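None of the figures in this text is laboratory data; all of them are computed from the coordinates on show. Here the structure is a predicted model, which is why all the values come from computation and not from measurement. Cβ atoms come from the backbone with ideal geometry, glycine included; neighbour counts cover every protein chain shown.
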Amino acid sequence: MVSRPRVSDVVNKKMAEFTIDTLVEMLSRIGKPVNLTIEGIPPSA
């Protein structure tokens with residue numbers, strides 16, 4: 001279960017307080033699908 005202060009941080013968009021893992025887990029618990037796309041310069045071969 002997520003504490004009320006943590007929920008308040010999410011609602012108030014204090015995303016710097018959370019890791020990506022925590023945010024993804026919170027979303028999956030409420031049934032929201034998560035897609036993560038990482039873009040950038042591909043490494044040299």
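Table for the structure above
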quantity	calculated
The chain: calculated mean residue ellipticity at 222 nm from DSSP helix runs of at least 4, using -39500 (n - 2.57)	-11500 deg cm²/dmol
Filtered GluC sites (Glu not before Pro), the chain: DSSP coil and at most 14 other beta carbons within 10 Å	39
Per-selection Kirkwood Rh - the chain (Cα, Å, 1 d.p.)	12.5
